[in-house]
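Before any comments, here is the structure.
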């Protein structure tokens, strides 16, 4: 047992030597999950994100001691706009469009403005007694939702908690597993936003555009 623990510790140290890795949006990570999204909201949505946020790169080390020498760089603003548009394009019966500006001429039932306000990630070894690593990410999202006339329906801060990118013993691409967990965390938040939209539309009886 002691030999195995030493081997596992050595392997993890070897894999987590210091480096910086850039990750990118990958639609394949959510392809299967998107297939299960059913249209549940009538009309069409407009997803609005600020252009500066679409091109904002995050560059930071994990909050865990494990992997502390690593740094992950990613344009997570693009992750957000792509995942939000893809999700709501499926959950609205007439689909969804994305823009950097609010449009009054698109016959949209709702205008949804999401923004990442906090990002954190960690390589959780304690969860597996350091025999394996679970990469996890956590996102805080601010979302404002308006009707087609620009009247705010609600605004809310959403917190994903830590979402796993999968547990492993050895990986030579640990940052990519963090990237996968970010995709999953954003999808989880989109689901929560969609549920709140349905509740709000029912409560306020917002008509179709």
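The values are calculated or read from the model by the stated rules, or taken from the named source; none is laboratory data. From a predicted model like this one, the values you see are computed outputs, not experimental measurements. Neighbour counts are summed over all protein chains in view; Cβ atoms, including those assigned to glycine, are modelled from backbone coordinates with ideal geometry.
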* Those residues of the range 127-145 which are modelled with pLDDT of 95 or more and more than 21 Å from the chain's Cα centre (by Cα), in sequence order -> none
* **Residue check for residue 150: modelled with pLDDT under 95, crowded, with 23+ Cβ neighbours inside 10 Å and in contact with a strand residue (DSSP E or B) (Cβ under 8 Å, 6 or more places away or on another chain)** => no
* Residue ID - nearest to the chain's Cα centre (by Cα), chosen from residues in the range 155-184 that are surrounded by fewer than 16 Cβ atoms within 10 Å (Cβ to Cβ) and part of a strand (DSSP E or B) -> 159
* Asked: Of the residues that sit in the range 1-35 and are at pLDDT 95 or above and in a loop (DSSP other than H, G, I, E, B), which one is surrounded by the most Cβ atoms within 10 Å (Cβ to Cβ)?
  -> 25
* **strands (runs of 3 or more DSSP E) contained in the range 58-154 and holding at least 3 residues in contact (Cβ under 8 Å) with a residue 60 or more places away in the chain and over 22 Å from residue 195 (Cβ atoms)** => 70-74, 110-124
